[in-house]
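The structure appears below as structure tokens.
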Amino acid sequence: YGGCGTVGRLNDLHQLDTATLQWTDITPDALGTPRPTSCGASMVSFNQSLLVIGGFSGQGLLGDLYRFDTVSLTWSLVGGSGDLPTGRYNPGVAVVDG
């Protein structure tokens, strides 16, 4: 997902078929509102979802959390409460289950 390329900050998403090693750009098929373009975001896979947080938008650091459902190919902004993290670049992320 995303990163910085020759055209600037990106929010594209590619899928690798591990059997054929064929890459597919699934960005055009994605539903919902995609995460803003950024570089330095972190991603973790959890329960048929990709969770993306952090990064730099070109105007500031991002602290929002987005979820990409790998089954429905749908982006959504994840809400939260309490002491939400502030914006950050290249944050460390982990999933603790149990």
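General remarks:
- Computed log₁₀ I(q)/I(0) - Debye formula, equal Cα scatterers, no solvent, the chain, q 0.17, 0.25 Å⁻¹: -0.79, -1.49
- Solvent-accessible heavy-atom area per residue, rounded to whole Å², over the chain at 1.4 Å: 65
- For the chain, with +1 on Lys and Arg beta carbons and -1 on Asp and Glu, the positive-most of LEU13, VAL52, THR86 along the dipole: THR86
- Ordering of 68-75, 13-20 by packing [mean C-beta count within 10 Å, highest first]: 68-75, 13-20
- Accessible surface of the chain, 1.4 Å probe, proportion on carbon and sulfur as whole %: 52
- Projected label distance in nm at GLN15 and THR27, using a 7 Å step from Cα toward the beta-carbon: 1.7
The values are calculated or read from the model by the stated rules, or taken from the named source; none is laboratory data. Nothing here was measured: the structure is a model prediction, and the numbers come from that model. Glycine gets a Cβ as well: all are built from the backbone with ideal geometry, and neighbour counts include every protein chain shown. To get the accessible areas, we keep the full protein, side chains included, count just its heavy atoms, and leave off ligands, DNA and RNA. Shrake-Rupley method; radii C 1.70, N 1.55, O 1.52, S 1.80 Å.
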